[in-house]
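Since every read-out is calculated from the coordinates, none of them should be taken as a lab result. Quantities reported herein were computed from a predicted structural model and do not represent experimental measurements. For neighbour counting, all protein chains shown are included, and Cβ atoms are generated from backbone atoms with ideal geometry for every residue, glycine included.
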Amino acid sequence: MKANSKTLPVSYRLAVTSRVLAAVFGGYGVTALASVCLTLWVPMARAEAVVTGMTSSFLVYLLAVIWCFACRTAWRAWSGLILSSLPLAALAALAYWMERS
């Protein structure tokens, strides 16, 4: 039998792998930061704020995964996740610092 000569190039496979990794790990990071920020900044009782943050994390993760596969390149997917996590990390650090002061 003849080998299948119509295989996908390695660059395409690596780009898809990078998008999957961005969706799984980068999406998890953005989701965790968003739920922490929402929990710390929403003006509710602590238990209600935690439930609100954790419930909204499903929507944030969904949007992060959709973002990763809607981008033209894997670099844009990674950069979008990183750039969106920076202000979330700053807000979480600010809330933590204000609580400790």
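Considering the range 38-72, the residues that are of a type in the set (F, W, Y) and touching a helix residue (DSSP H, G or I) at 6+ places or on another chain (Cβ under 8 Å) include one that is farthest from Y28 (Cα to Cα), namely W41.
Scoring L21 on the criteria (1) part of a helix (DSSP H, G or I); (2) exposed (fewer than 12 other Cβ atoms within 10 Å of the Cβ) leaves a single failure, condition (2).
In the set (1) buried (at least 18 other Cβ atoms within 10 Å of the Cβ); (2) in contact with a Ser or Thr (Cβ under 8 Å, 6 or more places away or on another chain); (3) farther than 30 Å from A15 by Cβ; (4) among the small types (G, A, S), the condition left unmet by A77 is number (3). Would you be able to say whether some residue in the range 58-69 is in contact (Cβ under 8 Å) with a residue 40 or more places away in the chain, surrounded by fewer than 16 Cβ atoms within 10 Å (Cβ to Cβ) and either assigned to a helix (DSSP H, G or I) or under 16 Å from the mean Cα position of the chain (by Cα) (or both)? Checked against the condition, which is being in contact (Cβ under 8 Å) with a residue 40 or more places away in the chain, surrounded by fewer than 16 Cβ atoms within 10 Å (Cβ to Cβ) and either assigned to a helix (DSSP H, G or I) or under 16 Å from the mean Cα position of the chain (by Cα) (or both), the range 58-69 yields at least one hit.
Cβ separations smaller than 8 Å between residues 6+ apart or across chains give the following pairs from the range 73-99 residues that are more than 17 Å from F25 (Cα to Cα) to residues that are among the β-branched types (V, I, T) and in a helix (DSSP H, G or I): A92/V36.
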